[in-house]
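Working notes, beginning with the structure itself.
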Amino acid sequence: MSVKTVGTPEQSREPDLSTTTSRRPAGTLYRGREGMWSWVLHRITGVAIFFFLLVHVLDTALVRVSPEAYNAVIGTYQTPIMGLGEVALVGAIVFHAFNGIRIILIDFWSKGTVYQRVMFYVVIGLWAITMIGFVPRHLINVFSH
Amino acid sequence: MTSTTIESPRTPAGSAKTRGINWEKWGWVYMRVSGVVLLVLIFGHLFVNLMVGEGVKAIDFAFVGGKWSDPFWMVWDTLMLWLAMIHGGNGMRTIVNDYARTPVLRKVLKGAILASVVVLIALGTLVVFTFDPCPPVTADQAHLLPSFCPAP
């Protein structure tokens, strides 16, 4: 059953602009700054990974057609342009994975909401370390063999 | 004169369900549980396929044949397929719920998501478990097979 409010508008949970000097909206992680941008990045990387996954299941299914068909298609993953695409894909996956852990900690760790902003920068830091480990080795494989 | 009733801003579009299984809650739980498992499965997948040896350059039919002759990787990849497709499909459903406004568009998009998830899980599972690493090939293609295959 829906609650009907007739005449009296719901009281706003946010402080009235005349009584606060803060420019940041209160009471939410998800509006403005790190909380919002991590959410935006989580969505964009999630959608990108989903569409890659659709293609990746189909290209892998070609092993059931013939060795020749599979090798022809997987060969296109080994070109320099796709090599750079794989850097973007791995970057998206690593961010989505680490930020996913951050979301779980916000939900279940009692201090999660207090440290959500710090954890965003931890995510960025771990992402950078992982990419420093991955990118040079991958690009050497793509460009030198 | 008719009076206009303005609903509270957070009133759900439909009537709130109070009985039966709370699917939205279990969907929420699923995203977190599968997310943690997928982190391990996908990081392992990426490490073995892109970091070890010559990385992406070493992937070909013989490479896949070698992996899928081992039940360990068959189970790993099948688990990854199911968990990832459902995780991704449910994430896409959330996005459709947020941005698609008309009921028809929402139905069409969610139907397309469900269809692609079901078809790809079925296809992928079938491929992993009916895969033959040493299929009958003509002599000129024998070199594409894994090294453990008997000579034709």
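Values quoted throughout were computed directly from the atomic coordinates according to the rules given, and no laboratory measurement underlies them. Just so it is clear, the model here is predicted, and its values are computed rather than measured. Cβ placement follows ideal geometry from the backbone for every residue including glycine, while neighbour counts extend to all protein chains displayed.
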Would you mind ranking B:Ser34, A:Ser38 by Cβ crowding within 10 Å, fewest neighbours first?
-> B:Ser34, A:Ser38
Potential extension, B:Cys134-B:Val40 segment - 0.36 nm per residue separation minus Cα distance = 30.8 nm
Dimensionless Rg over Rh [region B:27-135; C-alpha; Kirkwood] = 1.06
Once normalised by the length of region B:27-135, the mean sequence separation of its alpha carbon contacts under 8 Å that are 6 or more apart gives a contact order in percent of 35
How many partner chain Cβ atoms sit within 10 Å of a residue's Cβ in peptide B:50-62, on average, as a whole number?
-> 6
Total charge of the residues flanking B:Gly55 in space, meaning their Cβ is under 13 Å from its Cβ, with Lys and Arg +1 and Asp and Glu -1, is -1
Per-residue mean of C-beta atoms belonging to partner chains within 10 Å, peptide B:121-129 = 3
Most exposed first by the Cβ proxy, i.e. fewest other Cβ within 10 Å, how do A:Lys111, B:Lys67 rank?
-> A:Lys111, B:Lys67
Relative exposure of B:Asp77, B:Asp70, judged by other C-beta atoms within 10 Å (fewest first) | B:Asp70, B:Asp77
Work out, step by step, the length gained on full extension between B:Phe63 and B:Trp26: first 0.36 nm times the residue separation, then minus their alpha carbon distance; give nm to one decimal.
-> 9.6 nm
Rh (Kirkwood; distinct C-alpha pairs) - region A:33-144, Å = 15.9
Expressed as an acute angle from 0 to 90° and rounded to the nearest 10, what is the orientation of the C-alpha long axis of helix B:71-99 relative to the principal long axis of chain B?
-> 30
Rg and Dmax of region B:75-152, Cα atoms only, in Å | 19.4, 60
What nm value, rounded to one decimal, do you get for the distance between B:Glu54 and A:Trp109 when each label is placed 7 Å out toward the C-beta?
-> 4.3
Calculated diffusion of the protein assembly as shown, Stokes-Einstein form, Kirkwood radius summed over Cα pairs, 10 °C and 1.306 mPa s, µm²/s | 70
